[in-house]
């Protein structure tokens, strides 16, 4: 894959979008590079299926890149992108119910190759083997607890506490009143506390 | 948020607890209330766990696949089907046959003028006579009906006629309004977003 030029990496989202609008491939790639992980992570945790998450993430970026003309620069680019991604995930969830989360691979994977292909690729946050085990235990519990939340609670909690988005931005992304977003996050945390209470003991 | 009957920690208090900006009153409560202390510690664990969730990466080549999809050339337009043009001799023959038919028709009319006039007379006089006969039959039947006299009395005075016409107009207007309300689409648009 060709790396975008250094000056693009230093540019703001708005500047890169302005260049990408002129069908500039390097700028478009830079936008994908910046947001592929957060967008994929959000969608994966919503739909809980790796291959499907990749398809939906790909669809999100293709839609966004082909609709850059309709993007209004007074809004944050990331909010606009998360909105498209969330819509894609929610549309999919409305169409079908999905299985429980598997960190080791899709439950439908019946060959070792497929298991490997569908297993999660964890990022660089884990440093040591011990930490990896601890993180995997707590992380797995949290992932499972998140998977049991209602989709609207799930999006809110992921955007707020995993992606670190402000309440106002989440309200904008989800087209919800600010008070509703706060309530959803409060209820989601409450459900997560109940689900993880046994770890504390 | 209302604290009643006991001043347990609210959602805002929990956020304040995490950002170390909890009020003195609530800190004192936290020292005394085992329930709230457990909740706050559990909440901290949840938030730490969420913040530590790893960033997930799509498989290698994701950007290439996106670019291939986004930069795909739009599907080539199908050429519009060109209407099949008939050969010019066909059109010429059709025009010639129309002209010949018209000429023959005019010539025949000039040669058989009397016969044509008698046909015209017959075709206009007879239907008129039949129509008038039909109107008379219908009128006679109508006036022979038992309710005809009372209907005539009802509309005989101009006042009654006006009242009747007004009533009919009101009913007609109400029906129009009802129909319009039935056919009006919902005033609130269905929310949607790109995606």
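The values are calculated or read from the model by the stated rules, or taken from the named source; none is laboratory data. Owing to the predicted nature of the structure, the values given are computational and were not obtained by experimental measurement. All Cβ positions, even for glycine, are placed from backbone atoms using ideal geometry, and neighbour counts span all protein chains on display.
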Residue check: is residue A:18 in a helix (DSSP H, G or I) and surrounded by 22 or more Cβ atoms within 10 Å (Cβ to Cβ)? no
Over region A:16-52, the set of residues more than 9 Å from chain B (Cβ to nearest Cβ) and over 29 Å from residue A:149 (Cβ atoms) is A:16, A:17, A:18, A:19, A:20, A:21, A:22, A:24, A:26, A:27, A:30, A:31
Scanning region A:53-77 for residues that are assigned to a loop (DSSP other than H, G, I, E, B) and more than 10 Å from chain B (Cβ to nearest Cβ), the one nearest to residue A:40 (Cα to Cα) turns out to be A:76
Scanning region A:36-60 residue by residue, those farther than 19 Å from residue A:172 by Cα and free of Cβ contacts under 8 Å to residues at least 40 places away in the same chain turn out to be A:36, A:40, A:53, A:54, A:55, A:56, A:57, A:58, A:59
Note: among B:63, B:57, just one is in a helix (DSSP H, G or I), surrounded by 11 or more Cβ atoms within 10 Å (Cβ to Cβ) and modelled with pLDDT of 85 or more, namely B:63
